[in-house]
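A.B. asks: Below you'll find the structure I mean.
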């Protein structure tokens, strides 16, 4: 997708902020174009607000690198509002999913992403929509940043035909263009991501592949197999470990001989990044993306982040960590609060403006939840579709010798 | 696949044996797209109700005093006995230290120490490989795979290493003291990766034993047998029964022999063969068949999938003119059967998310299969 159509695509998919209804505004794209150009600045008419500001961010720890990502970064007002909106949408969407799960409208497994929003949003800000991304089961946030709509995501959670995977995948299996899911088996998505990177290299399209996994998955054998292949063939792959300190109920100290996940790629250069700061994540991702696109091979990033919910909805999340710890992270490092404070203290937005965004996001989520609850379930005829690819309809063995079902693909 | 049930018909009237074994790779309890719809009205109701009712066996008297236990407690009890009597026994797996995600190892670490009950990192291939090594070196290794769905990274270790160790070393080495436990089977909301019944993948691998209990009493006895058995064993525990199945279980240690099928109910027309949760489904089916069709069903719990009790199944087949569906059985029983063996199991699709209630082979599908067989 070209830069301009990216802008249009993204801006059309968002509800315009009510504040700007009467003003002709060119909204800068959320996904800043990577062709080296600076972000498009809007023709804002609010003379009171600062257009952009420079922020000091935490320095990343580096492994096998000569330099680290910049610590002085620029964020424009529009970028800030965009990040705020997207993070808030993810936050509210996850909380809504929590609510629906407790009402038994969503069933099955549900792994929520609240607390980690800065990771998804920061990564997306550092790459293009044409790049590729794959992650594990805590995937709702990424489905959104990669182009899915809240409606489709929620309908997939409730298993309805309007869902992003037609209701057949559920929470852990959501996909969209250049987003390969949504994977249930821990660690299995990383070799896949390397394969996508190989395709990018082969096709010479200057795209890269981002493969995410957690601190628990970092101990899977296939991760190391992937590191080897990616480094050997200098694949344009960014491996990102979202270290939220707990692999289900096991803390990182109790499961890993080395908790320096950014060093575990050994011969692959690594960065340890503050995953609660969206700007930190963005800078590190840009740094890694430049590295990959210049043909230097893969890069490893560890995002130090935190999840407020338990591992899944069946985990209260307090038997292996204290409530005080959760409250502390919420109070001191919440990604949305961090961004909000930055914008307010630099006069980049007003409290009312941000409140309006909150209200608008809430409405979007409510509408999506309404849709997800009322949309019909997929028809039974679809039970056997898309098992194989077949030109003519395939007959699938039924539950006993006399029944067969049709499989269309 | 619990669903796989073998139905064999015998008797003068030409009734068809229905057999359901030989589980397909992906079959589970077999969803039933019902031809006969059950009375259940709303879809929500249907999704919340289990597709079966657990039926407890009568209290066993031959093993000493009993107490009320559900299935995970009976597993804990078996492991407790093992750790107490065998100083080389160790239990390991993901999250077993605090008690396990299904509470099967609650209290064991406190009682026996962290050297004997410990967590592993998230690496199934590593867990089983490590378990094989520990067993070869002489420990009684009890490895837990957190869900049977996750066993595939360990498939190579199980099939290529564990199963072949004794054979390839000419009996110089073996990993017979390895037991692998995994929660198994559908649970109502597990979807693709928390519901699978992969015993079929292992059912054709000489060198390992595959065992699936139907109840707490069976679970404790069979698990103790697996641990004692000098061959690597895989013990699949139907997760839907962990809490739902409650029985009077003997307090002391006892074993139930492996590779012996149990005839739960005698009958004269159709023989049903199954394992795990499906036994309870078929108990209902047998009653329904008797009431509505006047068909007398025999019910056999296979218990050990590999190596399975050919003799019992064949004997009951042979007396009553029914067919067996596995290769070896087919040779022996073909002429006795009056209809092809019928298999009732899941559809040939991955275990679906939203369609689960339709995928499972519940009692209506099994009943329907009996009906069809009889009229073959």
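No value in this document is a laboratory result; all are computed from the given coordinates. Note that the structure is predicted; figures quoted are calculated from it, not measured. Positions of Cβ are backbone-derived with ideal geometry, glycine not excepted, and every protein chain shown enters the neighbour counts.
A.B. asks: Any idea how far apart residue A:266 and residue B:290 come out in nm if each label point goes 7 Å out from Cα toward Cβ?
C.D. replies: 6.5
A.B. asks: Report, to one decimal in Å, the Kirkwood hydrodynamic radius for segment A:313-354 based on all distinct Cα pairs. Write out the running numbers ahead of the final one.
C.D. replies: Details: mean 1/r = 0.0816 Å⁻¹.
Taking every pair of different Cα atoms in segment A:313-354, averaging 1/r and inverting gives 12.3 Å.
A.B. asks: Something else: Can you tell me the order of B:360-373, A:253-266, B:163-176 when each peptide is scored by its average per-residue count of other Cβ atoms within 10 angstrom, highest first? Write down the numbers at each step before the final one.
C.D. replies: Values: B:360-373: 26.3, A:253-266: 17.0, B:163-176: 14.9.
Going from most to least packed, we get B:360-373, A:253-266, B:163-176.
A.B. asks: Give, in nm to one decimal, the length gained when the segment between residue A:322 and residue A:234 is fully stretched (0.36 nm per residue of separation minus the Cα-Cα distance). Don't jump to the answer; show the numbers that get you there.
C.D. replies: Details: separation 88, 0.36 × 88 = 31.68 nm, distance 4.25 nm.
Computed gain between residue A:322 and residue A:234 is 27.4 nm.
A.B. asks: For peptide B:351-361, what's the mean number of Cβ atoms from other chains within 10 Å of each residue's Cβ? Present the calculation step by step, with values, prior to reporting the outcome.
C.D. replies: Numbers: counts 0, 9, 15, 17, 9, 3, 0, 3, 2, 1, 3.
Per-residue shielding by partner chains comes out at 6.
A.B. asks: Please give the direction-averaged projected area of the C-alpha convex hull for segment B:184-314, in square nanometres with one decimal. Intermediate results must be reported in sequence, preceding the final value.
C.D. replies: On the way: hull surface 36.8 nm².
So the Cα hull casts an average projection of 9.2 nm².
A.B. asks: Compute the orientation-averaged projected area for segment B:44-181 from the convex hull of its Cα atoms and round it to one decimal in nm². Show your work: numbers first, answer last.
C.D. replies: Values: hull surface 45.6 nm².
One quarter of the hull surface, i.e. the mean projection, equals 11.4 nm².
A.B. asks: So, one more: Take the Cα atoms of chain A, find their three principal axes, and give me the spread along each one in whole Å, biggest first.
C.D. replies: 73, 53, 48
A.B. asks: Now a separate question. Residue B:118 to residue B:260: extension gain in nm, 0.36 nm per residue of separation minus the Cα-Cα distance?
C.D. replies: 47.8 nm
A.B. asks: Same structure again: Just how far, in whole angstrom, is segment A:324-375 from segment B:137-164 if you go by their alpha carbon centroids?
C.D. replies: 46
A.B. asks: Would you please give the FRET efficiency between residue B:55 and residue A:337, computed as 1/(1 + (r/R0)^6) with r the Cβ-Cβ distance and R0 = 60 Å, to the nearest 0.05? Intermediate results must be reported in sequence, preceding the final value.
C.D. replies: Details: r = 55 Å, r/R0 = 0.92.
Approximately 0.60, to the nearest 0.05.
A.B. asks: Over segment A:299-384, what number does the Rg to Rh ratio reach, with both radii from the alpha-carbon atoms and Rh per Kirkwood?
C.D. replies: Values: Rg = 19.2 Å, Rh = 17.2 Å.
Radius of gyration relative to Kirkwood radius: 1.12.
A.B. asks: Pairs of Cα atoms under 8 Å, at least six residues apart: use those to get the relative contact order of segment A:106-194, whole percent. Walk me through the numbers on the way to the answer.
C.D. replies: Working: 154 pairs, mean separation 28.0, N = 89.
The value is 31 percent.
A.B. asks: Given springs between every Cα pair under 10 Å in a Gaussian network model of chain A, which of A:145, A:373, A:158 has the largest fluctuation?
C.D. replies: A:373
A.B. asks: For the protein assembly as shown, list log₁₀ I(q)/I(0) at each q in 0.07, 0.08, 0.10, 0.11 Å⁻¹, using the Debye formula over Cα point scatterers of equal strength and ignoring solvent, two decimals each.
C.D. replies: Values returned for q = 0.07, 0.08, 0.10, 0.11 Å⁻¹ are -0.56, -0.72, -1.05, -1.21.
A.B. asks: What spacing in nm lies between the two simple spin-label points modelled at residue A:352 and residue B:268, each 7 Å away from Cα in the Cβ direction?
C.D. replies: Once both label points are built, they end up 9.0 nm from each other.
A.B. asks: What is the packing order of peptides B:76-82, A:388-394, A:169-175, taking the mean over residues of other C-beta atoms within 10 Å and listing the highest first? Could the numbers behind the result be given before it?
C.D. replies: Numbers: B:76-82: 22.4, A:388-394: 10.0, A:169-175: 24.1.
Ranking, from highest mean packing down: A:169-175, B:76-82, A:388-394.
A.B. asks: Less than 12 Å from a label point 7 Å out along the Cα-to-Cβ axis of residue B:62: which backbone N atoms in segment B:230-267 qualify, by residue?
C.D. replies: B:255-257
A.B. asks: Also, I was wondering about something else. Across the Cα atoms of segment B:183-246, what radius of gyration and what greatest pairwise Cα-Cα distance (Dmax) are found, in Å?
C.D. replies: 12.5, 36
A.B. asks: A further question follows. Per Stokes-Einstein, at 37 °C and 0.692 mPa s, what whole-number D in µm² s⁻¹ belongs to segment B:143-212, with the Kirkwood radius over Cα pairs as the hydrodynamic radius? Could the numbers behind the result be given before it?
C.D. replies: Values: Rh = 13.0 Å.
Estimated diffusion coefficient is 252 µm²/s.
A.B. asks: What is the spin-label model distance, in nm, from residue A:254 to residue A:104 if the labels are put 7 Å beyond Cα along the C-beta direction?
C.D. replies: Modelled inter-label distance: 3.2 nm.
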